[in-house]
1. Considering only region 72-146, give the helices (runs of 4 or more DSSP H) lying wholly within it that have at least 2 residues that are modelled with pLDDT of 85 or more and either surrounded by 15 or more Cβ atoms within 10 Å (Cβ to Cβ) or not assigned by the TED database to the domain that holds Ile28 (or both).
2. What number goes with the only condition from (1) touching a helix residue (DSSP H, G or I) at 6+ places or on another chain (Cβ under 8 Å); (2) at pLDDT 95 or above that Asn278 does not pass?
3. Which of the residues belonging to region 363-422 are in contact with a helix residue (DSSP H, G or I) (Cβ under 8 Å, 6 or more places away or on another chain), surrounded by fewer than 24 Cβ atoms within 10 Å (Cβ to Cβ) and in a strand (DSSP E or B)?
4. Is it the case that Thr216 is touching a Cys at 6+ places or on another chain (Cβ under 9 Å) and farther than 22 Å from Val43 by Cβ?
5. Report yes if Thr146 is farther than 24 Å from Asn330 by Cα and in contact with a Leu (Cβ under 6 Å, 6 or more places away or on another chain), otherwise no.
6. Do we have any residue at all in region 220-235 that's among the hydrophobic types (A, V, I, L, M, F, W, C), closer than 30 Å to Arg150 by Cα and in contact with a strand residue (DSSP E or B) (Cβ under 8 Å, 6 or more places away or on another chain)?
7. Of the residues that make up region 127-138, is at least one of a type in the set (A, V, I, L, M) and within 21 Å of Ala54 (Cβ to Cβ)?
8. Looking at Glu37 and the list (1) farther than 30 Å from Gly362 by Cβ; (2) in contact (Cβ under 8 Å) with a residue 60 or more places away in the chain; (3) touching a helix residue (DSSP H, G or I) at 6+ places or on another chain (Cβ under 9 Å), which single condition is not satisfied?
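The values are calculated or read from the model by the stated rules, or taken from the named source; none is laboratory data. What you are looking at is a predicted structure, and each value in this text was computed from that prediction instead of being measured. Neighbour counts are summed over all protein chains in view; Cβ atoms, including those assigned to glycine, are modelled from backbone coordinates with ideal geometry.
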Amino acid sequence: MYKFIIKGGKELKGTVKISGSKNASLPIIFAAILTKEAQIENVPNLRDTRTAVALLKDMGFETCFEKNTLFVREKEKIKTEADYELVRTMRASILSLGPLLAKYGKAKVSLPGGCAIGARPINFHLKALSKLGAEISIDHGYINATVKGRLKGAEIVFDKPTVGGTENLLMAAVLAKGKTVIKNAAKEPEIVDLANALKKAGAIIEGEGTDTIEITGVEELSKIDYTVMPDRIEAGTFISFIATAGGEITIEDCPYDTIEAVVQKFKEAGLTIEKLNNVTIKIKKEGKLKATDITTQVYPGFPTDMQAQFMAAMCLAEGVSIIKETIFENRFQHVLELLRLGANITIDGNTAIVKGVEKLIGAKVMATDLRASASLVAAGLAAENTTEIYRIYHLERGYENLEKKLQSLGAYIEKVKAEKPF
């Protein structure tokens, strides 16, 4: 077990490069199941990506993951089962279900685990795959899915947009017989990235990035050879670090067009954000931030994955901010830890009322999920004295070498062994 020690009060200066997207990498890694061979570039070296690679290896695929490049090759004997011991640590493991079913006609996948941020039911996935002809049952904590012959194209209408459901169905449909139409599809950039990777391998997909996606199934795919997009949430998180710590930094490999909702809100709060080109921005903080309201929404709205980091910034803003969480019902777990640092936050249902304070004071805090961890780092960078953040394994699921990147910008942050669990 490790922890972060942060001594706050240092302004950030310099240049930071954003890693490949975790949320785009994971479905593309599982898409490798659909092919005989895959080479995926710009894959961040994270707990979650390593778990996905380990899962493929456990199934019998040949894998090599070095220097952010992943090679995957199909071998003669493939086990079409995603074991509980690997799946329990990462919810995205459910994304192996669609590809296994489409390629091998059967799949046995453990019900998923991951961050405890609220209910994320997989019934959308199962209902959609059933419409493609899959027979599905749940037994002893495992999803058992089979199909006689190939899956068959169908029209799927999701009750509400679901990122994982859209990704799973997209991967299943590329090898299904006939045409599949997904209506009320999720529109996130990571879905577009997955579709682009599949199309490079010969998939026929139209409409990705809109609420209607059409897929015409093919007999087989060729090699996936693709470079994953930069991580838009990491880019937004570094903006939040400037919002709390102050200073001036340049962010390279920033997918600007995918974070405009985040940029707009931080600008509204008082940050200066200049777009130098399509993948580079400069951020500067001058004076105190102004209280700014946000409501999380599906893409292209303000992402739920940036809510906690934005709240950390609003803890030090002038005035009162209203933050509404509409995506997950249990995503205010970071509030109790921010209170330990001296924040003034009141919760009313799915709304947090944040009254800005003059300063935060360092304390021992505990990370409860991935983005909550990032919010505690943001707060710790501004807090007086020393902040100790425990259970940083949550953070390492989604941020590559975060402490080293912050150190390069002048922050005092160390990763050390925790003497005991907190």
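1. Those helices (runs of 4 or more DSSP H) span 97-104, 123-131.
2. (2)
3. If the condition is that a residue be in contact with a helix residue (DSSP H, G or I) (Cβ under 8 Å, 6 or more places away or on another chain), surrounded by fewer than 24 Cβ atoms within 10 Å (Cβ to Cβ) and in a strand (DSSP E or B), then Lys364, Met366, Ile413, Glu414, Lys415 are the ones that fit.
4. no
5. In short, no.
6. yes
7. There is no residue in region 127-138 that is of a type in the set (A, V, I, L, M) and within 21 Å of Ala54 (Cβ to Cβ).
8. (3)
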